[in-house]
Amino acid sequence: MSRLSEQDHIQALLEQLPEHVRRQALATLERYADRDPHTGPFGWQLGLHYTERAPGRTSCMIDVDESFHNPGRVTHGGVVFTLADSAMGAAVHTLLEPGQRCTTAELKINYLAPVISGQTTATATVISKRRRLAVVTAEVRDAQGELVGLAQGTFAIIRADAARPIEGDS
């Protein structure tokens, strides 16, 4: 029995999928091809890109398509939540010292309007950063600039594990 080449295997898997699922799978593969090196594998699946980075403030965006929809045919709230969380964590990261990292300790979001499609952006601002905690807000806007989500979170500031170095450590 011969092994399929990787390309043949991918082709065979795609051919087994219903057309609408195949379109979604291809959209995900295209997002991987255009990956932002700062987002990591989960961000690559979403096609997340950072668009602004300044001390205590960042913006990131995704292009929403039907592959992000829930059964109600609007973008799943978890996608909007992830976008806000990514922007907020990155905003805190801009203020960290070498050897520190941050992690979400608490985050809440108010969903103000549904997102159907198009470029969706989260802009986060650090409100307060202390030695061990940072409080951050984020506004999420749709392609028309309408405010669709408002988030607030608390991020724990921790020492990086030497076995798991982070960008910027020496």
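The values are calculated or read from the model by the stated rules, or taken from the named source; none is laboratory data. Source: prediction; values computed, not measured. Positions of Cβ are backbone-derived with ideal geometry, glycine not excepted, and every protein chain shown enters the neighbour counts.
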Can you work out which of the residues in the range 1-54 that are small (Gly, Ala, Ser) and loosely packed, with under 13 Cβ neighbours inside 10 Å is nearest to Val79 (Cα to Cα)?
Gly40
Looking at (1) assigned to a strand (DSSP E or B); (2) in contact with a Gly (Cβ under 9 Å, 6 or more places away or on another chain); (3) over 28 Å from Thr28 (Cβ atoms), which one does Ala156 not meet, given that it meets all the others?
(2)
Which one is farthest from Ile116 (Cα to Cα), of the residues in the range 137-147 that are among the aliphatic types (A, V, I, L, M) and over 16 Å from the mean Cα position of the chain (by Cα)?
Leu147
Report yes if Gly43 is in a helix (DSSP H, G or I) and at pLDDT below 90, otherwise no.
yes
Looking at Glu66, Glu52 in this structure, which one is within 20 Å of Gln152 (Cα to Cα), acidic (Asp, Glu) and over 12 Å from the mean Cα position of the chain (by Cα)?
Glu52
With respect to Gln11, is the statement that it is assigned to a helix (DSSP H, G or I) and within 23 Å of Asp142 (Cα to Cα) true?
no
